[in-house]
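Input: a single structure, listed below in structure tokens.
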Amino acid sequence: MSTDENEIDRELEKISAAAGDFIYTCQARSCFDGFGELLKRAEREGRAFFVIHANFFQMTQASSLLDFHTTKERAIKLISLLQKPEECFKIQPDMPEDMFDYLVYDLSSCVYENLADAAGQMEGFNSKGLHDSINGGIQICRKTGKIGCIQCFREYAGDVYLAADDLDLAKHQCQSVVDHEGQWQGRGNRRWLAMMKLGWMEVLQGNFAMAQQKLENALELTDEEEVNVPIHAKFDVLIELDAVRIVRGLEPL
């Protein structure tokens, strides 16, 4: 790699790091825009790793902005790049093959999960094809070797079965995430989210005292190791917990 190319990569790393910092402060719009700047520069410079990197984080941040159309669009683009090496080599002919292989391993499961979630958000989690995407996603996890990412599809399955009015199966999927003791990958420790969903299911059944207990447990779980963005997790849980506390005549936290 030439000196000029090294300098380009260092500049792209700085743009990426600056955009990534906004993830940890829950500033989704600034984060999305920052990775948009990275994407434009990476495409102009022909740096495939950063093109994929920028698309990936724009995909995840679009969901936080409730822009599920963009999430779906970025996911489809990423699937094309990760499934077809020739598409990456069009961007950067000298991209190292081991780098491409790593990206396929590291990102594929999460891309498929984001695509499935975006489809559920836009079309309804009980719409045609959503059930099939659970098994399809789990197969991708096994194919790439990222077995820990199966837990993300169990979370997703909880939403799908809840939409199908199968509370028992929805609870089972979420409880399997809560009980998970193996490796966490990608989105990190998600016990808090699965417990939060279990609390919401108690709300749907009118069990507000039990819902409050589960949501308080979820709040505690946001302090566990490997929770990717603890402050974001706490915000999510506190919104649900305060709603339940208000219904029960208690002061919000």
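The values are calculated or read from the model by the stated rules, or taken from the named source; none is laboratory data. Only a predicted model underlies this, so the values are computations on that prediction, with no experimental measurement involved. When we count neighbours, we look across all protein chains shown, and the Cβ atoms used for this are built from the backbone with ideal geometry, even at glycine. For the accessible areas, the whole protein counts, side chains as well, though only heavy atoms, and no ligand, DNA or RNA atoms are used. Shrake-Rupley method; radii C 1.70, N 1.55, O 1.52, S 1.80 Å.
A 1.4 Å probe run over the chain, with the rest of the protein chains in place, finds 51 Å² accessible per residue.
Cross-linked pairs 40/90; 77/143; 214/234: Cα-Cα separations exceed 18 Å for 77/143.
Heavy-atom accessible area with a 1.4 Å probe sorts 29, 154, largest first, into 29, 154. Computed over protein heavy atoms with a 1.4 Å probe, the carbon and sulfur contribution to the accessible area of the stretch 185-235 reaches 53%.
Each peptide in 108-120, 166-178 receives the mean, over its residues, of other Cβ atoms within 10 Å, and ordering these scores from highest gives 108-120, 166-178. What angle, in degrees between 0 and 90 and rounded to the nearest 10, separates the Cα long axis of helix 130-144 from the longest principal axis of the Cα atoms of the chain? It works out to around 50 degrees.
What ranking do 234-244, 53-63 get when scored by the average of other Cβ atoms within 10 Å per residue, highest first?
53-63, 234-244
Largest first, the residues 197, 128 sort by 1.4 Å accessible area into 128, 197.
State whether the stretch 113-198 is rounded, prolate or oblate according to the following rule on the C-alpha gyration tensor (a ≥ b ≥ c being the square roots of its eigenvalues): a/c under 1.5 gives rounded; otherwise a/b larger than b/c gives prolate, and the remaining case gives oblate.
Oblate, since a/c reaches 1.5 and b/c is not below a/b.
The relative contact order of the chain, computed from alpha carbon pairs under 8 Å that lie at least 6 residues apart in sequence, is 12 percent.
Here the stretch 1-61 exposes an accessible surface that is 50 percent carbon and sulfur, computed with a 1.4 Å probe and the other protein chains kept in place. Angle between the Cα long axis of helix 97-123 and the longest principal axis of the chain, 0 to 90 degrees, nearest 10? It works out to around 40 degrees.
Relative to the longest principal axis of the Cα atoms of the chain, the long axis of helix 48-64 lies at roughly 20 degrees. With contacts taken as Cα pairs under 8 Å and at least 6 residues apart, the stretch 211-253 reaches a relative contact order of 39 percent. Could you tell me the distance between the Cα centroids of the stretch 181-242 and the stretch 81-152, to the nearest Å? Between the Cα centre of the stretch 181-242 and that of the stretch 81-152, the gap is 25 Å.
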